[in-house]
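Q: Below you will find the structure I want to go over with you.
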């Protein structure tokens, strides 16, 4: 694996590196870790990479890595930059013949997402997207239950993602780099809250249910005076098959940390999962019975068991969920490089999920700004 971004002082780059290394399938061999060449070289030294494999820019990395023989050059690149850099790096990687794993949202806007989708189809290269919450074992269990019909026809879906870290104008001082770029339209895109965490909620809703959002009605608000993008979003959604949903995302829910949650209600029962207690899935039936399913027990689905590393009672968290995506991506890529067809159960978010996320953002922004509140979401 090579990496673009994720240098000194970056949060998400270190998470990607830990996750990629966890199962022993992936080795970091090179990187262009910053737009500042000196910082990139210093970051590479921090990671004990040979100096000749630490590059001043991603174009230089793609060019020089392409010149190396098979078995020595990187096989894929992990992109962990701010949003506005995702498309130029990913498109350059695909054009250079390298497979891609990118942080979300996939691109700066919907047009870039469609262009990247077309380029991916043209090259035939593997593209992964780190909607990491789909990697949790009990999210896999929830998906299995819904898609195998155990809840009956889905009627209602509620997804919540409240955070409180932007309850004040954190970007004003310039000391909080995450706040600085995530609230900047030039780097984050048309949305902050919906683009950053709302897309996770959208992806989780569609992943678990197997139903795409067809229409939505959004109310986006900027509560903190002086902020350039919205910091709160409330969205009503209509899904395929007639199901209805509510999606709430907020960066100004003071005191909240990271309690992403999903509830799915079908005609025969409902399920509930919370990210802050990820080993538990609550199951309720329409006749009044309730069950608490836990990671690590043999009664769970194979999909859940395949993504569980530890015995029952040992928490599996954020990094492990990320690692499940990287493991599946790596095993699928190993099969492709060997000329084999990857196993069907090696699921990870793809370029199509990225396009869905950007279409969701575009529809939310359009709905909130328009008197015509219900907006179609491209399928």
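Q: Exactly one condition in (1) under 25 Å from residue 240 (Cα atoms); (2) outside any loop (DSSP other than H, G, I, E, B); (3) touching a helix residue (DSSP H, G or I) at 6+ places or on another chain (Cβ under 8 Å) is not met by residue 265; state its number.
A: If we test residue 265 against (1) under 25 Å from residue 240 (Cα atoms); (2) outside any loop (DSSP other than H, G, I, E, B); (3) touching a helix residue (DSSP H, G or I) at 6+ places or on another chain (Cβ under 8 Å), just (3) comes out false.
Q: Among the numbered criteria (1) touching a residue at least 24 places away in the same chain (Cβ under 8 Å); (2) touching a helix residue (DSSP H, G or I) at 6+ places or on another chain (Cβ under 8 Å), which one does residue 298 miss?
A: Looking at each condition in turn, residue 298 falls short on (1).
Q: Working carefully through the options 156, 168, find the one that is surrounded by fewer than 22 Cβ atoms within 10 Å (Cβ to Cβ) and part of a loop (DSSP other than H, G, I, E, B).
A: On the way: 156 fails: part of a loop (DSSP other than H, G, I, E, B).
Result of the check over 156, 168: 168.
Q: Further question on the same structure: Can residue 254 be described as touching a helix residue (DSSP H, G or I) at 6+ places or on another chain (Cβ under 6 Å) and modelled with pLDDT of 95 or more?
A: Values: touching a helix residue (DSSP H, G or I) at 6+ places or on another chain (Cβ under 6 Å): no; modelled with pLDDT of 95 or more: yes.
Taking the combined requirement at face value, the residue does not satisfy it.
Q: For residue 133, indicate whether it is within 27 Å of residue 213 (Cα to Cα), modelled with pLDDT of 95 or more and in a strand (DSSP E or B). Explain how you work it out, then say what you get.
A: Values: within 27 Å of residue 213 (Cα to Cα): yes; modelled with pLDDT of 95 or more: yes; in a strand (DSSP E or B): no.
No: the conditions fail for residue 133.
Q: Just give me the residues in region 1-20 being within 18 Å of the chain's Cα centre (by Cα) and surrounded by fewer than 23 Cβ atoms within 10 Å (Cβ to Cβ), in sequence order.
A: Our first condition is that a residue be within 18 Å of the chain's Cα centre (by Cα); within region 1-20, this holds for 3-6, 10-20.
Answer for region 1-20, where residues must be within 18 Å of the chain's Cα centre (by Cα) and surrounded by fewer than 23 Cβ atoms within 10 Å (Cβ to Cβ): 10, 11, 12, 14, 15, 17, 18.
Q: Applying the selection to region 245-262, what residues are closer than 23 Å to residue 369 by Cβ and part of a strand (DSSP E or B)?
A: Of everything in region 245-262, those that are closer than 23 Å to residue 369 by Cβ and part of a strand (DSSP E or B) turn out to be 245, 246, 247, 248, 249, 250.
Q: So, of the residues in region 15-51 that are free of Cβ contacts under 8 Å to residues at least 12 places away in the same chain and either touching a strand residue (DSSP E or B) at 6+ places or on another chain (Cβ under 9 Å) or not assigned by TED's automatic domain parsing to the domain that holds residue 61 (or both), which turns out to be farthest from residue 334 (Cα to Cα)?
A: The extreme case among them is 45.
Q: Is it the case that residue 357 is part of a loop (DSSP other than H, G, I, E, B), assigned by TED's automatic domain parsing to the domain that holds residue 185 and over 22 Å from residue 18 (Cα atoms)?
A: Against the criterion (part of a loop (DSSP other than H, G, I, E, B), assigned by TED's automatic domain parsing to the domain that holds residue 185 and over 22 Å from residue 18 (Cα atoms)), residue 357 does not qualify.
The values are calculated or read from the model by the stated rules, or taken from the named source; none is laboratory data. These numbers were taken from a predicted model, which means no experiment stands behind them. Heads up, the Cβs are rebuilt from the backbone with ideal geometry, glycines too, and the neighbour counts pull from every protein chain shown.
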